[in-house]
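The block underneath contains the structure these notes are about, expressed in structure tokens.
The values are calculated or read from the model by the stated rules, or taken from the named source; none is laboratory data. All values derive from a computational prediction rather than experimental measurement. Reconstructed Cβ throughout: ideal geometry from the backbone, glycine too, with neighbour counts over all protein chains shown.
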Amino acid sequence: MNGPLFPLAVFFAAIFTSNILLTNFLGMCSFLSVSREIKTSAGLGTAVTFVMATTTVLNWLVYHYILLPLELDYLRFIVFIVVIAAFVQLVEMVIERVSEGLYAALGIFLPLITVNCAILGVSLFMVIRDYDLLSSFTFGLGSGLGWFLAIMAMAGIRQKLAKARVPKGLEGAGITLIITGMMALAFMGFSGMINIG
Amino acid sequence: MADKAKKRPLVMKQKIMAQVVYALIPLVVASIYFFGWRSLAVLAVVNLAGFLSEYVFARVYKQQVSSAVFVTTTLFALSMPPTVPLWIAAVGIVFGVVFGKMVFGGFGRNIFNPALSGRAFVYVSFGYPLTSSFIEPVSGFPGGFARWLPELDSLTKATPLIRLSGGQDLPFMDLFLGSTSGSLGETSALLIIITGVILLILKTASYRIVLACFIGYLVPQTAFFFIGLSGVLHPFYGLFAGSLLFAFFYMATDPISSSQTTNKGRWVYGLLVGVLTSLIRTFSSWPEAVTFAILLANMFAPLLDYAFKQAAAKKKAAAT
């Protein structure tokens, strides 16, 4: 499958069939700790989507135009992390200058994204699966949206969970992991819809 | 001990849940008629296992066992294929009750439909025994009432759903009355519609959700069919094959795991179930899509509730 529709297929697959969070279980740490409130989840989700889409493209350029010609591709782990960290820093500075409100809203989340494993994971998948530039972009965007969707659903569920009487031993991370498991079970329904690499 | 039991009966009485159980009785009888007395054995094992797993938790929580657990167990049992190994049925219901409901604190607090959680769990874990050993039902008088299980040489590898998507034709009346292979309680469209409509009239189930489910399913399914994608079910046949009707009437309308606070939320929730059913049936590797569709809709129901409540609050604030 390498037709003109491939980037689109990658996009939907990244959201549903191979959701970065619910099928690959990447980006769990911030998912577990930040999903307590719907508003903050939406903020973090947006930030992750934006950074994921952009850094995947940046990393693709760096990988194909710098690392590969210089035969330095064994350095990709370090280089990708540096690119992500630098980009996040830059975005933070720009946002601070341009929009006080957004900067205050995103707060701690922007720096947190630097260490979100899903972002690095997406860049590495892009290399392993050998996507072209456009597919890498749709893959990054789709994965980000998939992550956004998952954390929003989780935030909604945790809001409802306030009424639940979860046993003491399961409070917090325990019940959240169980719910994540059930969500992943539900997402298995999408399996086989679209196959990408 | 005795007067303690008097003060607090073991099982909490819940009128609505009892109504659902009564509505399911015709389906249980039909499952015995079509698939023999073994279906009653499946029901008994599932009920016992489900009850015990709720009982263990209820004792620790110092609660009563809710009668909702019998709705869960009966729905789960009726959604199993006739030849299901009893231990798999038991594992499924224990998972459903414990992880679908009791870890959240018991009745009324679950996020996902417990019966469907159990069903999805066993489908994913034990694919072969659950999807490839369906049998043809018994027909004529006295039907399955004189049998333990229909003859095993009628073992067929396919349900109507699988056969229809393979391009075979089936007599419509068979689908409608239920004399086709399939899960225990899901084959007879006629009985499900009758009992389901009674529940709607009694307002035990929300007609908004059911209606929205059907619209959500029929619109994309018809579109896919007329575009001419390969392997798409005829929307009308698809309606009567598999567990679609059963799940739409009995499982999507679960008052706890569905969207429950606003009517708009109910509509959107139902549409979501329907559209996802159509999408998953058509494109994914699972023939039976409703289970996953409803679990996915369960997952987003709290968010829908939240969004519509916020919107309503904003409107109110703007009006005053």
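General observations
- Of the residues making up the range B:101-116, those that are within 10 Å of chain A (Cβ to nearest Cβ) and modelled with pLDDT of 90 or more are B:F112, B:L116.
- When the residues of the range B:242-254 are filtered to those that are over 18 Å from B:P220 (Cα atoms), free of Cβ contacts under 8 Å to residues at least 60 places away in the same chain and not small (G, A, S), the one that is farthest from the other protein chains (Cβ to nearest Cβ) is B:F249.
- Tally of residues being away from every other protein chain (no Cβ under 11 Å) and at pLDDT 90 or above across the range B:267-284: 9
- Residues that are at the interface with chain A (Cβ under 8 Å from one of its Cβ atoms), assigned to a helix (DSSP H, G or I) and either without any contact (Cβ under 8 Å) to a residue 60 or more places away in the chain or closer than 18 Å to B:L75 by Cβ (or both) within the range B:285-300 comprise B:T291, B:F292, B:A293, B:L295, B:L296, B:N298, B:F300, listed in sequence order.
- Within the range A:162-197, the set of residues being among the aromatic types (F, W, Y) and more than 7 Å from every other protein chain (Cβ to nearest Cβ) comprises just one member, A:F187.
- All helices (runs of 4 or more DSSP H) inside the range A:27-119 with 2 or more residues being within 14 Å of chain B (Cβ to nearest Cβ): A:38-62
- Residue check, B:S257 within 13 Å of another protein chain (Cβ to nearest Cβ), touching a residue at least 60 places away in the same chain (Cβ under 8 Å) and farther than 24 Å from B:G100 by Cα: no
- Residue check, A:A150 part of a helix (DSSP H, G or I), modelled with pLDDT of 90 or more, surrounded by fewer than 19 Cβ atoms within 10 Å (Cβ to Cβ) and within 11 Å of another protein chain (Cβ to nearest Cβ): no
- Restricted to helices (runs of 4 or more DSSP H) entirely inside the range B:1-103, those with at least 1 residues that are buried (at least 17 other Cβ atoms within 10 Å of the Cβ) and among the hydroxyl-bearing types (S, T, Y) are B:15-35, B:38-61, B:68-78.
A quick yes/no check of all residues on (1) among the β-branched types (V, I, T); (2) at pLDDT 85 or above; (3) within 19 Å of the chain's Cα centre (by Cα):
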{"site": "B:L24", "(1), (2), (3)": "no, yes, yes"}
{"site": "B:A58", "(1), (2), (3)": "no, yes, no"}
{"site": "B:S67", "(1), (2), (3)": "no, no, yes"}
{"site": "B:S79", "(1), (2), (3)": "no, yes, yes"}
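- Evaluating A:F77 against the criteria (1) at pLDDT below 80; (2) within 22 Å of A:S30 (Cα to Cα); (3) surrounded by fewer than 16 Cβ atoms within 10 Å (Cβ to Cβ) leaves one unmet condition, (1).
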